[in-house]
Amino acid sequence: MERVPITVTVNGRTYTAEVEPRLLLVHFIRDVLNLTGTHIGCDTTSCGACTVIWNGRPVKSCTVFAVQADGTEILTVEGLERDGQLHPVQEGFWEEHGLQCGYCTPGMMMTAVALLAENPDPTEEEIRAAISGNLCRCTGYVNIVKAIQYAARKMRESATAGVGGA
Amino acid sequence: MIPGPFRYRRVSSVEEAVSLLAQLGSDAKVLSGGQSLIPMMKFRLAEPNYVIDINRVPGLDFLEERDGLLRIGALVRESTLERSPLIRERYPILHDTALVIADPLVRNLATVGGNLAHGDPANDHPATMLALRAQVVAKGPKGERVIPIDEFFVDTFVTALEPDELLTEIRIPVSPPRSGGAYLKFERKVGDYAIAAAAAFLALDESGHIVQAGIGLTNLAYKPLRATAAEQVLIGQPPSDELFREAAERAAQATDPVSDLRGPADYKRAVARTMVFRALRRALERAQANG
Amino acid sequence: MTATAVRGIGVPVKRKEDPRFIRGKGTYVDDVKLPGMLYMDIVRSPYAHARIKRIDVSKARAMPGVIDVITGEELAKANLAWMPTLMGDRQMVLPTERVVYYAQEVAAVIATDRYIAADAVLAVEVEYEPLPPVLDPFEALKPDAPPVRPDRDQKTNHIWHWEAGDKEKTDRIFQEAEVVVAQDLYIPRIHVASIETCGCVANYDPATDKLTIWMTSQAPHAHRTVFSLVTGIPEHKIRVISPDIGGGFGGKVPVYPGYVIATYATLKHKKPIKWIEDRSENLQADSFARDYHIHAELAANRDGKIRALRVKVLADHGAFDAAANPSRFPAGLFSVCTGSYDMEAAHVEVDGVYTTKPPGGVAYRCSFRVTEAVHTIERMVDILADELGMDPAEIRFKNFIQPHQFPYKSPTGWEYDSGNYPAALQKALDMIGYQELRREQAERRARGELMGIGISTFTEIVGAGPSHTFDILGIKMFDSAEIRVHPTGAVIVRIGVQTQGQGHETTFAQIVAEELGIPVEYITVEHGDTDTAPYGLGTYASRSTPTAGAATAVAARKIREKARLIAAHLLEVSPDDLEWKDYAFRVKGAPDRYKTMQEIAFAAYTNFPLGLEPGLEAECYYDPPNLTFPFGAYVCVVDIDRGTGQVKIREFLAVDDCGTIINPMIVEGQIHGGLTMGMAPALFEEIVYDENGTMLTGTFMDYLLPTAVETPHWKTAKTVTPSPHHPLGAKGVGESPTIGAPPAIVNAVVDALSHLGVRHIDIPITPAKLYRILQEKGVAE
């Protein structure tokens, strides 16, 4: 059985491993790297619980082989908090009750992080379209939209505060 | 959920890919976006011995107008198409199409080339490419060849690509003035395949009559369908709702959908009619705005 | 100490459980990793009904990394091939002779990693002799139908018959009634499909002779008791841990064969065994909900006054009766189907039937058949309105149980605790602008546009339940709380229910905060570990607030009563001279002389009155005196696309009354989620079998969960009518919207077409189904 050496940078840390080609990226993250914040919710690339940010784009890590990620950068939910500071998206989900059981939440937040990096002031319709690859059973999505709007506001405020600040 | 074992080969050039394909034949599958291939492998519906990863091949992700053609590299991601100002402004039918492929996350990986090469009548780009009279460029051991889109889709999951050929580019004639297209898809929910979807492309002459018409249909037959009889109804005619209804009816009659969980065949035909009619109206709007 | 500092009842406290979830640091069952852990995967039947001729495990066993392959034959030797269900039936863990549903568990492989286990499953060879499937419950009752359960003494496919109400009185009213309307309704099978599937890590440690099972369980204590009965291991040697659960909705109440096989495997191999089902397995084999074939009739006066309801149901339970209804209620609380309306009599009959489909009937955010009941009555009321040419709001106002009639004894024996239905409906109609919508509908209709307005006014029945009536497998349905106040005024609360996202760590802390006047951030709520949490029946059927919430309040009040004695001692007054006011014990007439609970807590360990036991804790096992009856009024506005049959929900307003609201933010979130799980079966979800009994909707490609694009922006509002018998006046809320939404949506769609003679459409109202109706009525585009 062939094993392939890979080097992957996850949340700023570089890991090397030898993996079977068929190892799914989500299993690499969860079982090899022990980062269990990324979840598995289906087997047809439908639910998005496994969403991570790969080379800047949110993707479903259950539909990527770990070997494809060799030499690339991945951001998972564990990488959102920096130096004890929650990412505004994390803060938004907490403030606006954007999660209940928490299972879809990491994937949902990664999609939100990527959305706001590209579109800092999305409309409700744009938010709903952006998260249409992430299924939630608990929240009915209303508060997830609010959470992302909260984060967008917060990020816009700190962006303008940064400009010309003391 | 777990794919079967395979050997992994990452290539860094088209030549390398082609050479491996020539060697391995049906033992190998090309991995581009992987958003169709990997799900099939997870259910062991596809069990290739070799997977050839072409994602790092340079020079396959161009998106430009050159020499009278819109040229789309096979590795252009659907999300790139979705965001491209060139596409949004000058080829909105492609923007329409990209927007309804799967979901936004899948689109970050799914490629235009893959969407065509898979040969799935349920994929969305084939109908649009048929309506636009596109050409597919394939590279094999014997060199490059250009395949007209009308010859590209052969059967369900079967295209005109030889086992040792790689799809490298899609070419679309640059839209003439007074032309416009639209793609309309009716799906049960975001992420589903179409119950019925229609691509419509119209070009008008100075008097406003239709000189060019392309109608492609998604998931309504064993392969992606071009509604030629419907197109014939439109040529030379001044556009009108009545004309479009007739064309839509002809297009619906040309379909041969399967009855499945999305609905019975006659329902899908009815929706096809609705989609063609609405796509034609939208195409006309855009064509008239382009005058 | 002030309300602002305490942040108790009524405050939208940010959730205490969120910090770990937003960091991806939750511990769900698949996150549990133990040294030496092995992986289990299951071989499943491709047939709905078949005899097993041969199972050849040799190829699988020979694969490197495969430790074991377990079949029914081996389990039978340990008396584990069958297990009891929560309904007093029995269910196969692994078959020895026959399979009785598509995707049924047939064998299990144990391997060193999950990839090898998946390969090994494919290497197990099973030879089947297919038998005719039994898929239609009506056919299943015919004398020549193949018996699904030849293991039972009765060889028929009839499981039980259940009745409620007064048959004679009801029949008499129907005979003399001025108007009778009748309708067949079918509510198809659906599946909870929580985003986390089911699974467990079962670990037998020979060094301590203890079995620990991390399990996706909504009821860890009940499961521990069942495991003890099934394995013979005494309960103190079994520890069931529900860690973080990624959604339950009733789907994590049953004991699935996978849990039992994993337990057997760990006892055999003395290594941790992890079993996590994938989504296909979850959809195809785990417990479904609904599948009720209903025939309903309403008898009324010509002026619209309802007199009686008569309902007959055929309940398709699959191959084993593994629902989780209270034992005296095999059809759950279906007999609440007289709904929010006052009537003279009702009679309900339900017959349970076996078919070759997965077992169940529980779940989908309404464990006890109330969705089916409310769907029935809300549809029938609209049908009666249509028959009489009455407005659906008008007919409801005419028939509501009035506020002064509470507590109200329903014709099927339920005592509704409190309600104000007219106020809720009026509020909903006013807020949505009902009259304006009707005007708009008339205008659009004249233009050939199809717009509909649907109303649903439901009464829920939750909080099972009083011990005189309710038990599951004999265990009464009380619930519990244990509260310990530590010297520095910090509190640990342990409860017998089990959150799967409902926010118990926050809301139960708020209850204690309110009762004890201790700020909510000093209160931790724990649950889910049977070694430490007091015995409870778990969380489903919206029972946590009514039962464990009450237990928590009562336990807190016991603590407060002891605290009074300590406060009196500290203040050197008699306990009767003190009153609990503004979160402190204050001397009557001299409120500036007071002691806070913090001060009292410290004294409980350092300066308590002689003769009083030190410490400050209490527990309560609460036997609710009654169920509670949340209610609501929902209005739904739809537009129908005549070219595709698609229903678009333009607007949906939900006015809910769940009594006292502990955390309004959490309640609102529950309503959003419940509405979405009400819309989904109304328009999208359905479990479909082909003629061989193969499930066709076994993945998320075809079992359609709504995304954020299909889901409307739900509008919510409330009325507050406390429960008179609940210590906090609270009623429970999680399931109400799942119950109230489907009929509101169906009523709206039918309303859009009623001028064309359409009176009823079964759910799900898919575009294909609706388009056919549009064609029949000549209005399809």
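A compact table of results
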{"read-out": "Matching residues, the range B:229-253, being crowded, with 20+ Cβ neighbours inside 10 Å, touching a residue at least 24 places away in the same chain (Cβ under 8 Å) and in a helix (DSSP H, G or I)", "value": "B:A230, B:L234, B:F244, B:A247, B:A248, B:A251, B:A252"}
{"read-out": "Count - residues of the range C:123-142 that are under 30 Å from C:I294 (Cα atoms) and either among the aromatic types (F, W, Y) or in a helix (DSSP H, G or I) (or both)", "value": "4"}
{"read-out": "The range C:678-698, subset more than 18 Å from the chain's Cα centre (by Cα) and outside any loop (DSSP other than H, G, I, E, B), residue farthest from C:D136 (Cα to Cα)", "value": "C:L683"}
{"read-out": "Selected residue (only one of A:G41, A:G107, A:G48 is crowded, with 19+ Cβ neighbours inside 10 Å, of a type outside the set (A, V, I, L, M, F, W, C), within 7 Å of chain C (Cβ to nearest Cβ) and under 21 Å from C:R279 (Cβ atoms))", "value": "A:G41"}
{"read-out": "Top-ranked residue of the range C:10-31 - restricted to ones that are crowded, with 20+ Cβ neighbours inside 10 Å and outside any loop (DSSP other than H, G, I, E, B), ranked as nearest to the other protein chains (Cβ to nearest Cβ)", "value": "C:F21"}
{"read-out": "Number of positions in the range B:25-53 that are under 22 Å from the mean Cα position of the chain (by Cα), in a strand (DSSP E or B) and within 11 Å of chain A (Cβ to nearest Cβ)", "value": "2"}
{"read-out": "Boolean, C:A103 is small (G, A, S), part of a loop (DSSP other than H, G, I, E, B) and either within 30 Å of A:T111 (Cβ to Cβ) or touching a strand residue (DSSP E or B) at 6+ places or on another chain (Cβ under 7 Å) (or both)", "value": "yes"}
{"read-out": "Residue satisfying all of: in the range C:227-281; part of a loop (DSSP other than H, G, I, E, B) and free of Cβ contacts under 8 Å to residues at least 12 places away in the same chain; nearest to C:D209 (Cα to Cα) among these", "value": "C:P234"}
{"read-out": "Lone qualifier among A:V67, A:V8, A:V59 - being assigned to a helix (DSSP H, G or I), of a type outside the set (F, W, Y) and either crowded, with 24+ Cβ neighbours inside 10 Å or out of contact with any His (no Cβ under 8 Å at 6 or more places or on another chain) (or both)", "value": "A:V67"}
{"read-out": "Residues within the range C:440-468 that are surrounded by fewer than 23 Cβ atoms within 10 Å (Cβ to Cβ), part of a loop (DSSP other than H, G, I, E, B) and touching a residue at least 60 places away in the same chain (Cβ under 8 Å), tallied", "value": "4"}
{"read-out": "Count - residues of the range C:203-216 that are more than 14 Å from chain A (Cβ to nearest Cβ), within 27 Å of C:S544 (Cα to Cα) and surrounded by 24 or more Cβ atoms within 10 Å (Cβ to Cβ)", "value": "2"}
{"read-out": "C:R564 basic (K, R), modelled with pLDDT of 95 or more and farther than 28 Å from C:P724 by Cα", "value": "no"}
{"read-out": "Exclusive hit being under 30 Å from A:C50 (Cβ atoms), of a type outside the set (V, I, T) and not in a strand (DSSP E or B), set C:L34, C:L80, C:L94, C:L75", "value": "C:L34"}
{"read-out": "Residue among C:E619, C:E651 that alone is assigned to a strand (DSSP E or B) and under 30 Å from C:T469 (Cα atoms)", "value": "C:E619"}
{"read-out": "Enumerated helices (runs of 4 or more DSSP H) restricted to the range B:61-159, each holding at least 3 residues that are over 30 Å from B:E16 (Cβ atoms) and under 16 Å from the mean Cα position of the chain (by Cα)", "value": "B:92-99, B:125-132"}
{"read-out": "Selection status of C:E651, in contact (Cβ under 8 Å) with a residue 24 or more places away in the chain and touching a Cys at 6+ places or on another chain (Cβ under 8 Å)", "value": "yes"}
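Here is a yes/no grid of residues against (1) closer than 25 Å to B:P92 by Cβ; (2) of a type in the set (S, T, N, Q); (3) touching a residue at least 24 places away in the same chain (Cβ under 8 Å):
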{"residue": "B:E162", "(1), (2), (3)": "no, no, yes"}
{"residue": "B:V174", "(1), (2), (3)": "yes, no, yes"}
{"residue": "B:D205", "(1), (2), (3)": "yes, no, yes"}
{"residue": "B:Q212", "(1), (2), (3)": "yes, yes, yes"}
{"residue": "B:A227", "(1), (2), (3)": "yes, no, yes"}
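The values are calculated or read from the model by the stated rules, or taken from the named source; none is laboratory data. In this text the structure is predicted, and so the values were computed from the model without any measurement. Because the Cβ atoms are built from the backbone with ideal geometry, glycine has one as well, and the counts that use them run over all protein chains shown.
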